[in-house]
Amino acid sequence: MNAVTLERLSEDAAEKAGYLAAIAELRARLNRLEMAVLGDMARPGAALFPRIWVDRLAELVAYEYGIEVTELRGSFRHPRYTRPRFLWVWLVKEIAKTSYPQVSQLTGYADHTAVMHACRRVNEWRASTPDFRIVSDQLLQIGDALRSPPASAAPEAEPAE
């Protein structure tokens with residue numbers, strides 16, 4: 001290689017290093033922003049559970065039950081709305097693996113006792129209604145997949161020779 005080619009390669013490498021540094025700084029700023037927004041809900045060492053994901057899960061449950069998200073989040077007491085609402089709260093609790101008060105904050109529920117009641121009722125329905133258990137298991141798997149990064153994002157291990 002000649003000197004011009006080596007110089008051009010080092011310029012390209014420096015430019016790419018600059019891009020990588022900028023990306024790392026943006027990721028750090030995003031993490032700080034998430035911590036500021038979530039406050040005490042973001043525990044050190046725990047995966048962040050942004051409200052955006054909770055909203056996506058609400059859309060999924062509402063779609064499954066053929067209702068609007070506003071109806072899911074509303075205060076209607078008809079079983080057409082309470083069953084999916086309770087299921088949504090239960091899914092957030094199961095997937096986030098967080099406290100009842102935090103689930104209450106994430107879902108907009110009145111307080112943690114309402115979340116406890118919803119989770120208790122869903123567990124009763126899952127035990128007594130096979131169809132409900134199947135639907136809740138499917139939504140739980142989909143919710144887990146939505147929350148987890150795609151498998152293609154994980155670095156692949158090189159095969160041993």
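Any read-out appearing in this document is the output of simple, stated calculations on the displayed coordinates, not a laboratory observation. Everything numeric in this text was worked out from a predicted model, so none of it was measured. Cβ atoms come from the backbone with ideal geometry, glycine included; neighbour counts cover every protein chain shown.
Sort 140-146, 101-107 by the packing proxy (mean of other Cβ within 10 Å over each peptide's residues), most packed first.
101-107, 140-146
Under a Cβ-Cβ cut-off of 11 Å, what is the net charge of the residues other than VAL135 that fall near it, where Lys and Arg count +1 and Asp and Glu count -1?
Net charge around VAL135: 0.
Let me check I've understood the local charge: for THR70, count other residues with C-beta under 15 angstrom from its C-beta, Lys and Arg +1, Asp and Glu -1. What total comes out?
-1
For the stretch 51-147, rounded, prolate or oblate, judged on the Cα gyration tensor with a ≥ b ≥ c (square roots of eigenvalues), a/c < 1.5 rounded, else prolate if a/b > b/c?
rounded
Can you list the HN-Hα couplings for the stretch 63-72, worked out from phi with the Karplus curve (6.51, -1.76, 1.60; θ = phi - 60°), rounded to whole Hz and with x for Gly and Pro?
4, 4, 9, x, 10, 7, 4, 4, 6, 5
Around GLY108, with a cut-off of 13 angstrom between Cβ atoms, what is the net charge of the other residues, counting Lys and Arg +1 and Asp and Glu -1?
+1
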